[in-house]
1. Got a number for the accessible area of residue 262? Probe 1.4 Å, square angstrom, nearest 10.
2. Projected onto the charge dipole of the chain (+1 at Lys/Arg Cβ, -1 at Asp/Glu Cβ, origin at the Cα centre), which of 414, 127, 384 gives the Cα projection farthest towards the positive end?
3. Computed from these coordinates, which is mean projected area of the Cα convex hull in nm²: [x] 75.0; [y] 25.3; [z] 35.6?
4. How far, in degrees from 0 to 90, does helix 304-367 lean away from the longest principal axis of the Cα atoms of the chain, to the nearest 10?
5. Classify segment 96-211 as rounded, prolate or oblate from the Cα gyration tensor: take a ≥ b ≥ c as the square roots of its eigenvalues, call it rounded if a/c is under 1.5, otherwise prolate when a/b beats b/c and oblate if not.
6. Give the lysines reachable from residue 225 as a straight Cα distance under 23 Å; neighbours fewer than 8 places away on the same chain don't count.
7. Round to the nearest 0.05 the FRET efficiency obtained for residue 275 and residue 223 when R0 = 45 Å and r is the Cβ-Cβ distance.
8. Once you place label points 7 Å from the Cα toward the Cβ at residue 151 and residue 326, how far apart are they in nm?
Amino acid sequence: MKTVTVSQINVYIQDLIQDNVHLQHVSVEGEISNLKYHTSGHIYFTLKDSTSAIQGVMFAGDRRTGLTFPMKNGDKVVVSGRVGVYARDGKYQIYAKRFEQSGSGDLYLQFEKLKNELSEMGMFDDSFKRPIPAITKRVGVVTAPTGAAIRDIIQISHRRNPYVQLILYPALVQGDGAKESIVHGIETLDEMDLDVIIVGRGGGSIEDLWCFNEKEVAYAIFNAKTPIISAVGHEVDFTIADFVSDLRAPTPSAAAELAVAEIDGIDNCLKDYQERLNRQMMTRIDWAHHQADHYGAALKYHSPERVLSDRRQSLMDMEDRLREKMELRIRENRQRLESYNRMQNLMENRIRDSRSKLAIIAGKLDGMSPLKRFQAGYGYPTDANENHIQSVEDVKPGDSINIRLMDGKIHSQVTSVEALELDWMKE
């Protein structure tokens, strides 16, 4: 039997579960326990019923869209995701993609459907997001006229900047007629030339917050000319209004902090601007003085009297340099002419010497000319192949030879050969 490692067993079981299509898309109903919101953003939990339990995790990347209510221990929920194995610890768990409160599943399905529809239309795209002004003087608020939300907005806004003007549109934020009231409030405040509008309310169940998931409210926010901050519920609550607005605040209090700049910060900013302006002005003044001195010196340097004097001196220098160059050129030409004359005399002498030598050589060549030898009665013997005969050893009796004379050629045949012993051959 083959021995395997613990890791190999766990990986094998992991592959078996991952390959099971029935476990890759599941929805499990149960009660939340051992709930832990980790600092990394992950959520760890146990999902149990009356007889069994399964551990689970939701990663931080899925939390923003997968958890839209403040979940706590004891909540009855429907968890949607997949079942997998954590190979290191050898345990299987559910990897959650979405939490729904048990009994409210239809509302969450409607929420996801509208969210996907508006997202495909591009209404959540960052290119449509309008920037929130850094300094605001008139802030509109669409919320209930009573309750913690408006009290928090008023308190924080006046604390940060008592001079800011808050304009409230008292709207219904729950129940029948709420969506129409919110839409009318946004459209009304949008015509008042405000710096920013806060739209929101305090926390509640998904049913309580549902008016902020209506398509009409989403279109009103998207079509508004004024930047809008959405502040619905608590930090874990997400609505369609949050996605389509220009900026999402986790709470109404946070919305007030985002919309209203602190007056102390504005004062410090203005003081900083004033100091920077003063420094820039002093720099500009110093630069202007420097430029004035520079232009004064340049004007003095380029005065007509100075320019004329410089031109006169320059002209005299040019005359001196021209005179020196002309004298130098004349001396060089004279030297060159003298060299030409010496060279001409030398050439003439060389020509005379060469002519004398040529005459001597021509006389010698004329004396050695074959024509002269022919005229003196000499002949030029060759064999039948016109090869020059220099010695009696080059022929033998019976050979045909040719003798070239001055006026023709003699064809003859050798009858005998006689070698002579000359005196110069003895030496």
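The values are calculated or read from the model by the stated rules, or taken from the named source; none is laboratory data. Every value quoted in this text rests on a predicted model; they were computed, and no experiment measured them. Every residue, glycine as well, gets a Cβ built from its backbone with ideal geometry; the counts of neighbours run over all protein chains shown. The area values use the complete protein model at the heavy-atom level, side chains included, leaving out ligands, DNA and RNA. Shrake-Rupley method; radii C 1.70, N 1.55, O 1.52, S 1.80 Å.
1. 90
2. The residue sitting farthest along the positive end of the dipole is 414.
3. [x]
4. Long axis of 304-367 versus the principal axis of the chain: about 40 degrees.
5. It is prolate, given that a/c is not under 1.5 and a/b is the larger ratio.
6. 115, 129, 137, 179, 215
7. 0.60
8. 11.0
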